[in-house]
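K.L.:
First, the structure itself, so that you have it in front of you.
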Amino acid sequence: MRLKVIWFAFTVLFSLGASIAPVSNVQAQAIPREDCVYISDSFTYPSGWNPMLMPPSWGYTLMYDSLCTYSSRDDVWIPFLAESVSAPDGLTLEVKIRPEARWWDGELLTAEDVKYTFDLAKIYIIGWSGVWNYLNEVKIVDDHTVQFKTTEDSLNRFELLNCLQVVIMPKHIWEPLVQQMGSDILTYRYDNPAQIVGSSCYRLHSWSADFIYYERVDDWWGKDIFGLPRPKYICHKTHIDNESASLSFEEGSVDATGHYHAGIWEWEWCHTYYKNPPYYIGSYIVSLTPTYAKYPLNDKNVRRAIAYAIPYDEIVKIAETNYTMRASPSLIFHHIPEYAKWINQTLIDQYGYDFDLARAAQILDEANIIDRDQNGVREMPDGTPLGKFTISVPMGWSNWMMTCDILQYNLRAIGFDVKTFYPDELTWYYSVGQGQFDIVILATSPTLTLGYSHPWNSYRSMMDPRLTGPVGILYPAGNYQRYNNSEVIPLLDLIPRETDEKMLQDAYSQLQYIQLRDLPVIPLVYGQAWYNYREDYWVGWPNEDDPRWISPYVWNWVNNKPMLFGLSKASQGVQPMPSWVTNLQIKTKNIFGPQLVGDINGDGIVDIFDVVILAKAFGSKPGDPNWNPDADLNNDDVVDIFDVVTIAKNFGSTA
């Protein structure tokens with residue numbers, strides 16, 4: 001299912017009672033088809049364009065800029081609002097804001113706006129409040145310089161980097177609104193296109209329940225630096241389910257989708273990132289998530305029985321049509337060597353699980369969880385039945401709905417009273433954020449599962465008790481099942497500031513043990529960054545042969561705005577990406593200080609271990625399975641003989 005599940009970890013409460021009435025009628029006829037990129041990705045009706053909603057309307061980040069944009073595929077950043085990013089000491093991330101940056105109303109975008117945006121996350125529980133678990137201060141140095149400061153005890157470089165991806169809000173607009181509305185600001189829709197003040201290259205043109213149109217801002221502040229994206233308009237077309245989206249995609253009324261489509265190999269006109277299976281870039285972990293806030297689902301024997309009742313291979317083959325693979329129970333991507341090195345296979349062998357209904361029933365029997373009244377439903381030793389439970393995903397997410405049907409059948413077979421429940425997206429988001437569910441299928445958050453903070457971010461989003469609280473109160477940043485175990489906190493705090501690999505391995509092993517012991521979540525498959533496109537009207541979409549710029553999840557415009565600058569009309573042919581997309585890139589490892597050239601593994605010496613890493617990546621380019629941006633020593637997007645020469649020149653050097 002689309003990574004939209006994850007995206008709500010960055011957003012906050014939307015009032016279900018708010019009316020969905022268009023502010024302005026969409027005049028689609030007035031917009032030439034060839035000037036507009038039509039995308040279908042969300043099944044949620046427009047909720048509003050307030051960044052603090054849960055979730056804001058699709059595409060709201062087309063209107064707001066973040067300090068940087070990030071590609072998790074390549075682990076590189078492009079300064080956007082930022083002119084530069086540096087770390088003057090180990091506890092500070094300093095950002096210089098571009099002096100050209102302005103809001104649409106002409107006001108300068110300054111450090112005051114940045115600080116105000118983050119201060120809001122201290123006042124209210126919103127999507128980026130989690131950074132304050134580690135952040136000590138957002139300090140204004142001058143109008144165009146801001147520092148994100150932490151302490152030795154709170155140092156977490158991952159969360160410092162997360163600050164670079166928060167969209168910045170105009171203080172002069174939102175401060176009086178907050179003063180006037182108080183906590184009601186969290187449900188304020190901000191849906192009148194004429195009143196919205198943003199900073200980026202698209203503004204809201206018009207909207208209805210079915211269409212959201214964004215229009216290019218031809219005089220936006222970044223025009224002289226970045227130019228203009230070629231699409232004059234971006235439109236999102238809302239569908240009710242995957243099937244209706246597939247029909248629109250087939251007839252050509254949308255150019256690209258973020259949906260699951262069955263049998264794409266039969267559509268000659270349909271393009272995906274990879275030409276062959278698995279077709280899509282895997283970018284997150286999909287897990288079955290029983291609540292920890294309700295007995296008996298919080299019983300470890302019950303959870304382990306559920307884990308054995310899941311037919312993982314069947315889900316991959318039938319529900320996911322082989323677009324993905326089974327996920328490691330470790331919560332770590334096992335098929336990517338850079339991450340797989342942290343997996344403790346001994347723990348997997350000892351505490352792991354596979355599909356085995358007989359073993360699932362045996363676990364329940366041995367725990368005296370048996371059918372005492374012979375009604376087909378087991379009871380706990382105290383008589384509490386294994387039911388009535390619901391297993392839930394949003395209506396229309398057909399592949400996950402099929403997974404729910406499969407799981408319902410198997411759980412009933414071992415004595416659970418469970419049924420499926422498929423509400424609309426917005427209702428489902430709301431109930432998950434408040435912890436009001438029995439069993440759901442969820443994805444790891446934040447949007448960037450892969451990248452600089454994996455696998456730490458998997459454990460943080462699924463296990464950190466600081467991200468959650470009582471059932472009935474919205475907590476949007478993760479741990480929706482309300483798993484409350486303080487054991488994980490010192491481990492999560494240690495990893496982002498530790499550099500010793502032995503210490504890191506030990507910490508990750510402890511987290512894996514806790515995950516396998518308590519099963520806060522039960523990993524199912526690796527989630528795909530659904531990305532399908534046609535080339536009738538627009539070309540220049542990223543793919544394995546022409547990687548360009550892309551960061552799964554594809555339709556997150558915080559990180560994929562550069563992609564729009566590479567699109568061109570089909571009549572014009574594929575155009576090169578603007579040079580700034582390459583020239584402005586910064587590798588994550590270089591943000592916190594210069595690195596010894598050739599020291600690919602960061603151990604302070606250029607040696608045979610670095611040569612081995614380079615050899616594994618030799619000949620690769622962005623998007624290739626063996627691509628390693630750290631091995632691209634001269635930053636020319638290919639690991640080749642020139643990189644070999646560079647490492648040879650520096651062989652034996654030490655930091």
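The values are calculated or read from the model by the stated rules, or taken from the named source; none is laboratory data. Being a predicted model, the structure only gives us computed values, none of them experimental. No Cβ is skipped: glycine too gets one built from the backbone with ideal geometry, and neighbour counts run over all protein chains shown.
K.L.:
Which residues, taken from the range 449-480, are touching a helix residue (DSSP H, G or I) at 6+ places or on another chain (Cβ under 7 Å), closer than 30 Å to P629 by Cβ and part of a loop (DSSP other than H, G, I, E, B)?
P.N.:
Of everything in the range 449-480, those that are touching a helix residue (DSSP H, G or I) at 6+ places or on another chain (Cβ under 7 Å), closer than 30 Å to P629 by Cβ and part of a loop (DSSP other than H, G, I, E, B) turn out to be T449, Y452, S453, H454, P455, D464, A477, G478.
K.L.:
Sticking with this structure for a sec: Which of the residues that make up the range 555-593 are touching a strand residue (DSSP E or B) at 6+ places or on another chain (Cβ under 8 Å) and in a loop (DSSP other than H, G, I, E, B)?
P.N.:
W555, L567, G573, V574, Q575, L584, Q585, F592, G593
K.L.:
For the subset of the range 233-245 comprising residues that are in a loop (DSSP other than H, G, I, E, B) and not acidic (D, E), which member is surrounded by the fewest Cβ atoms within 10 Å (Cβ to Cβ)?
P.N.:
Here the residue is I240.
K.L.:
With the condition kept exactly as written, say whether any residue in the range 318-329 is touching a residue at least 60 places away in the same chain (Cβ under 8 Å), closer than 30 Å to E425 by Cβ, surrounded by fewer than 21 Cβ atoms within 10 Å (Cβ to Cβ) and touching a Phe, Trp or Tyr at 6+ places or on another chain (Cβ under 7 Å).
P.N.:
yes
K.L.:
OK, next. Residue check: is G619 at pLDDT 90 or above and in a loop (DSSP other than H, G, I, E, B)?
P.N.:
Answer is yes for this residue.
K.L.:
Follow-up question, since we're still on this one. Look at the range 246-300 and say how many of its residues are out of contact with any strand residue (DSSP E or B) (no Cβ under 9 Å at 6 or more places or on another chain) and not in a loop (DSSP other than H, G, I, E, B).
P.N.:
Here the count works out to 6.
K.L.:
Same structure again: Of the residues I348, I306, only one is hydrophobic (A, V, I, L, M, F, W, C), surrounded by fewer than 18 Cβ atoms within 10 Å (Cβ to Cβ) and in a helix (DSSP H, G or I); which?
P.N.:
After applying the criteria, what remains is I348.
K.L.:
With the checklist (1) modelled with pLDDT under 95; (2) buried (at least 23 other Cβ atoms within 10 Å of the Cβ); (3) in a loop (DSSP other than H, G, I, E, B) in hand, flag the one item F437 doesn't pass.
P.N.:
Tallying (1) modelled with pLDDT under 95; (2) buried (at least 23 other Cβ atoms within 10 Å of the Cβ); (3) in a loop (DSSP other than H, G, I, E, B), F437 fails exactly one: (1).
K.L.:
Across the range 88-120, which residue is surrounded by the fewest Cβ atoms within 10 Å (Cβ to Cβ) among those that are touching a residue at least 12 places away in the same chain (Cβ under 8 Å) and among the small types (G, A, S)?
P.N.:
Within the range 88-120, the match that is surrounded by the fewest Cβ atoms within 10 Å (Cβ to Cβ) is G90.
K.L.:
Sticking with this one: Could you check, for the range 87-103, whether at least one of its residues is part of a helix (DSSP H, G or I) and of a type in the set (G, A, S)? Even if it seems obvious, please write down each step before you answer.
P.N.:
The initial filter retains those residues of the range 87-103 that are part of a helix (DSSP H, G or I), namely none.
Checked the range 87-103: no residue is part of a helix (DSSP H, G or I) and of a type in the set (G, A, S).
K.L.:
With respect to N375, determine if the residue is in contact with a Pro (Cβ under 8 Å, 6 or more places away or on another chain), farther than 27 Å from L467 by Cβ and either among the basic types (K, R) or surrounded by fewer than 22 Cβ atoms within 10 Å (Cβ to Cβ) (or both).
P.N.:
Here the answer is no, as N375 does not meet what is asked.
K.L.:
Under the condition of being more than 14 Å from V597 (Cα to Cα) and either of a type in the set (F, W, Y) or in contact (Cβ under 8 Å) with a residue 24 or more places away in the chain (or both), which residue from the range 633-650 is surrounded by the fewest Cβ atoms within 10 Å (Cβ to Cβ)?
P.N.:
D637
K.L.:
Take the conditions at pLDDT 95 or above and buried (at least 19 other Cβ atoms within 10 Å of the Cβ) and apply them to Y409. Does it pass?
P.N.:
Criteria not met by Y409.
K.L.:
Mind checking whether some residue in the range 98-116 is in contact with a helix residue (DSSP H, G or I) (Cβ under 7 Å, 6 or more places away or on another chain) and of a type in the set (S, T, Y)?
P.N.:
yes
K.L.:
Still on this structure, please answer the following. Looking only at the range 143-191, count how many residues are of a type in the set (S, T, Y) and more than 22 Å from W49 (Cβ to Cβ).
P.N.:
Looking only at the range 143-191, we keep the residues that are of a type in the set (S, T, Y), and these are 145, 150-151, 154, 183, 187-188, 190.
From what's left, more than 22 Å from W49 (Cβ to Cβ): 145, 150-151, 154.
Number of matching residues: 4.
K.L.:
Of the residues I123, I140, only one is closer than 27 Å to L474 by Cα, surrounded by fewer than 17 Cβ atoms within 10 Å (Cβ to Cβ) and either β-branched (V, I, T) or assigned by TED's automatic domain parsing to the domain that holds L504 (or both); which?
P.N.:
I123
K.L.:
If you don't mind, there's one more thing I want to ask. Would it be correct to say that A293 is in contact (Cβ under 8 Å) with a residue 12 or more places away in the chain, of a type in the set (G, A, S) and either touching a Gly at 6+ places or on another chain (Cβ under 8 Å) or not assigned by TED's automatic domain parsing to the domain that holds I414 (or both)?
P.N.:
Against the criterion (in contact (Cβ under 8 Å) with a residue 12 or more places away in the chain, of a type in the set (G, A, S) and either touching a Gly at 6+ places or on another chain (Cβ under 8 Å) or not assigned by TED's automatic domain parsing to the domain that holds I414 (or both)), A293 qualifies.
K.L.:
Select from the range 148-177 the residues that are among the charged types (D, E, K, R) and outside any loop (DSSP other than H, G, I, E, B) and list them in ascending order.
P.N.:
Once the filter is applied, which keeps residues that are among the charged types (D, E, K, R) and outside any loop (DSSP other than H, G, I, E, B), the range 148-177 yields K149, R157, E159, K171, E175.
K.L.:
Further question: Look through the range 377-387, keep the residues that are at pLDDT 95 or above and in a loop (DSSP other than H, G, I, E, B), and return whichever of them is nearest to F421 (Cα to Cα).
P.N.:
Result: L386.
K.L.:
Can you pull out the residues in the range 213-231 that are part of a helix (DSSP H, G or I) and surrounded by fewer than 18 Cβ atoms within 10 Å (Cβ to Cβ)?
P.N.:
Those that are part of a helix (DSSP H, G or I) and surrounded by fewer than 18 Cβ atoms within 10 Å (Cβ to Cβ): K223, D224, I225.
K.L.:
Specify the residue that is farthest from S206 (Cα to Cα); the eligible residues are those in the range 29-59 that are assigned to a strand (DSSP E or B) and not aliphatic (A, V, I, L, M).
P.N.:
Top of the filtered list is S40.
K.L.:
Restricting to the range 178-196, what's the tally of residues that are assigned to a helix (DSSP H, G or I) and polar (S, T, N, Q)?
P.N.:
4
K.L.:
What number of residues within the range 246-273 satisfy the criterion of being crowded, with 16+ Cβ neighbours inside 10 Å and under 21 Å from P542 (Cβ atoms)?
P.N.:
14
K.L.:
Would you mind telling me which numbered condition in (1) crowded, with 22+ Cβ neighbours inside 10 Å; (2) assigned to a loop (DSSP other than H, G, I, E, B); (3) out of contact with any strand residue (DSSP E or B) (no Cβ under 9 Å at 6 or more places or on another chain) L135 fails?
P.N.:
Here L135 meets the rest and fails (3).
K.L.:
How many of the residues in the range 318-345 are hydrophobic (A, V, I, L, M, F, W, C) and not in a loop (DSSP other than H, G, I, E, B)?
P.N.:
Number satisfying all stated conditions: 3.
K.L.:
Tally time: how many residues in the range 476-516 are aliphatic (A, V, I, L, M) and touching a residue at least 40 places away in the same chain (Cβ under 8 Å)?
P.N.:
Counting residues in the range 476-516 that are aliphatic (A, V, I, L, M) and touching a residue at least 40 places away in the same chain (Cβ under 8 Å) gives 5.
K.L.:
Here's a follow-up. Quick one: would you say P423 is in contact with a helix residue (DSSP H, G or I) (Cβ under 9 Å, 6 or more places away or on another chain) and of a type outside the set (V, I, T)?
P.N.:
Numbers: in contact with a helix residue (DSSP H, G or I) (Cβ under 9 Å, 6 or more places away or on another chain): yes; of a type outside the set (V, I, T): yes.
Yes.
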